[in-house]
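Colleague: Provided herewith is a single structure, encoded as structure tokens, for subsequent inquiry.
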Amino acid sequence: MDKLPLIEMEALNALTNMDSFHDEFIICELEGCVLKHKHGAGNDSEYSSPMRMNAMMIVITTQGSSQFCLDYVPYNINSNQLVTIFPTHTIQLSEVSSDFKAKMLVVSKSFMDTWMEKRTPSMLNYFKLVKNPCTALDTKEKDLLSNIVVSLRSKIKNRSHFLQRETLQVGFMEFLIELGNIFMSKKDGLKAPTFTRKEELLNQFLEMLFAHCKEEHQVSFYADKLCISPQYLSLILKELTGRSASKWIDDALMTEAKILLKSPNITIQQVANILNFSDQSTFGKFFKKHKRMSPLEYRKS
């Protein structure tokens, strides 16, 4: 996905109730009523535009519920849950309750790369839950992590501290240590589940879809890689997810197209090229079929 644009953390400056350290380390409060007002569900199934950030996002939910898609896979979350979204992964909010509340911590990839590379504590093994982004927290665990986030926020506000970056690094390390301890206490529940053969094929398909959807649009490509027939792949996906293989591919392509179209520096012709359509006209017909508007209309909206 290296050809697809990443949203930098400066784009989050429009969020309300936010504190930021040099657009590298951000903490904000998320509220359903504000999100609904800013985005508005309208009559369309799309609630907010998909995005791919060059940062890690950690969300601790405290109230209400929401639905989102991560790398095209839908998730439902309620109160007292931890959501981890790693850099370059695709996220789209699809629904949020009016009473939804959460704390969000956003850490830039550059902040982590210049500091975390030198530290490989064991808790990070538990933190890399890319395939299990949602973790239930009990009240004690939620309060512990929330209190550390509050402390981190106060460190961001203390701009007179001569070693402010270092205090944030230490505070974030404390957050990760406590998070690792929570994961270790749940290790029995976090063990990789035993998958059926069909579920294994579904997971492998989703991994390939994230890696190849922009250039490979045919079901046969994914079926060949899995050493099964296209018909059997579609049958498995329909049975387990309610969506056929071609529907999964089309939905993934539409997600990538929306991300690209929101980037003002990329022309529609370039979008068509990146997504491996034969020409701009073919891409336009595909987009309009699924979105009921042209790529240009979507970009202007």
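Colleague: Any residue in region 189-200 that is assigned to a helix (DSSP H, G or I), among the aliphatic types (A, V, I, L, M) and within 30 Å of LEU137 (Cα to Cα)?
Modeller: Scanning region 189-200, I find at least one residue that is assigned to a helix (DSSP H, G or I), among the aliphatic types (A, V, I, L, M) and within 30 Å of LEU137 (Cα to Cα), so the answer is yes.
Colleague: Here is a further query. Residues that are over 29 Å from ALA272 (Cα atoms), over 12 Å from the mean Cα position of the chain (by Cα) and modelled with pLDDT under 80: find the strands (runs of 3 or more DSSP E) completely inside region 1-95 holding 3 or more of those.
Modeller: none
Colleague: Right, something else. State all residues of region 263-301 that are of a type in the set (D, E, K, R), surrounded by 14 or more Cβ atoms within 10 Å (Cβ to Cβ) and more than 22 Å from PRO74 (Cα to Cα); if no residue qualifies, say none.
Modeller: Those that are of a type in the set (D, E, K, R), surrounded by 14 or more Cβ atoms within 10 Å (Cβ to Cβ) and more than 22 Å from PRO74 (Cα to Cα): LYS288, ARG299.
Colleague: In region 279-301, which residue that is at pLDDT 95 or above and of a type in the set (Ser, Thr, Tyr) is farthest from GLU215 (Cα to Cα)?
Modeller: Among residues in region 279-301 that are at pLDDT 95 or above and of a type in the set (Ser, Thr, Tyr), the one farthest from GLU215 (Cα to Cα) is SER294.
Colleague: Taking the condition of being closer than 16 Å to SER48 by Cβ and surrounded by fewer than 20 Cβ atoms within 10 Å (Cβ to Cβ), how many residues in region 93-114 meet it?
Modeller: Adding up the residues that qualify gives 5.
Colleague: Exactly one of (1) of a type in the set (Gly, Ala, Ser); (2) at pLDDT below 95; (3) more than 30 Å from SER301 (Cα to Cα) is unmet by SER263. Its number?
Modeller: With respect to (1) of a type in the set (Gly, Ala, Ser); (2) at pLDDT below 95; (3) more than 30 Å from SER301 (Cα to Cα), SER263 is out only on (3).
Colleague: Right, next: Mind checking which residues of region 223-254 are touching a residue at least 60 places away in the same chain (Cβ under 8 Å) and in contact with an Asp or Glu (Cβ under 9 Å, 6 or more places away or on another chain)?
Modeller: ALA252
Colleague: Of everything in region 130-161, what is part of a helix (DSSP H, G or I) and of a type in the set (Asp, Glu)? Give them in sequence order.
Modeller: GLU141, ASP143
Colleague: Here's something else I'd like to know. I'd like to check something: does region 274-285 contain any residue that is assigned by TED's automatic domain parsing to the domain that holds GLN218, among the charged types (D, E, K, R) and under 16 Å from SER48 (Cα atoms)?
Modeller: Within region 274-285 (the criterion being assigned by TED's automatic domain parsing to the domain that holds GLN218, among the charged types (D, E, K, R) and under 16 Å from SER48 (Cα atoms)), the answer is no, since none of the residues qualifies.
Colleague: Among the listed residues LYS118, LYS157, LYS131, LYS186, which satisfies the condition of being among the basic types (Lys, Arg), at pLDDT 95 or above and not assigned by TED's automatic domain parsing to the domain that holds GLU239?
Modeller: Going through LYS118, LYS157, LYS131, LYS186 in turn, just one is among the basic types (Lys, Arg), at pLDDT 95 or above and not assigned by TED's automatic domain parsing to the domain that holds GLU239: LYS157.
Colleague: Can you find, within region 229-240, the residue that is nearest to the chain's Cα centre (by Cα) among those that are buried (at least 16 other Cβ atoms within 10 Å of the Cβ) and under 18 Å from THR196 (Cβ atoms)?
Modeller: LEU237
The values are calculated or read from the model by the stated rules, or taken from the named source; none is laboratory data. Keep in mind it's a predicted model, so treat the numbers as computed, not measured. Cβ: placed from backbone, ideal geometry, glycine included. Neighbour counts: every protein chain shown.
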